[in-house]
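*Asks:* Please find one structure pasted underneath; my questions will follow.
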Amino acid sequence: MATGAGKKQSRDARERTRVYQARKEFHEGLIARRRRDNLIAGVVGGVLILAVVGGQIAYYTLGPGTPAPAPSPTSSVTPAPGSTGEVTPGVVDGATPSPTP
């Protein structure tokens, strides 16, 4: 009878080992999947942020968000006929400058 008891213990030990290995593999698979999912989410998030920043830059430099060009003031002073061509600073076309308060 002693031989039958040893076989049952051996069978139970093998079953426990098999279940343990199955749980261990399952857990390792979960860890690997989480790591892969986190990597994919990081890459997709980075690409999304770059796309948003690139779109904003394109919109405000090339698209309808560009400011309308305003005409720049020109300071072309033409000398009056008969003058020597010297320009007095602060005086434009014979106008007298107003005193500053």
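*Asks:* For residue 21 and residue 8 in one chain, what is 0.36 nm times their gap in residues minus the Cα-Cα distance, to one decimal in nm? Don't skip to the end; give the middle numbers.
*Replies:* Details: separation 13, 0.36 × 13 = 4.68 nm, distance 1.99 nm.
This chain segment gains 2.7 nm when fully extended.
*Asks:* What spacing in nm lies between the two simple spin-label points modelled at residue 39 and residue 57, each 7 Å away from Cα in the Cβ direction?
*Replies:* Placing both labels 7 Å beyond Cα along the Cβ direction yields 2.8 nm.
*Asks:* Read phi for every residue in segment 33-39 and hand back ³J(HN,Hα) as whole Hz from Karplus 6.51 cos²θ - 1.76 cosθ + 1.60, θ = phi - 60°, with x for Gly and Pro.
*Replies:* Calculated HN-Hα couplings, in order: 5, 4, 4, 5, 5, 5, 5 Hz.
FYI, it's all coordinate maths here, none of it is from the lab. Nothing here was measured: the structure is a model prediction, and the numbers come from that model. Glycine gets a Cβ as well: all are built from the backbone with ideal geometry, and neighbour counts include every protein chain shown.
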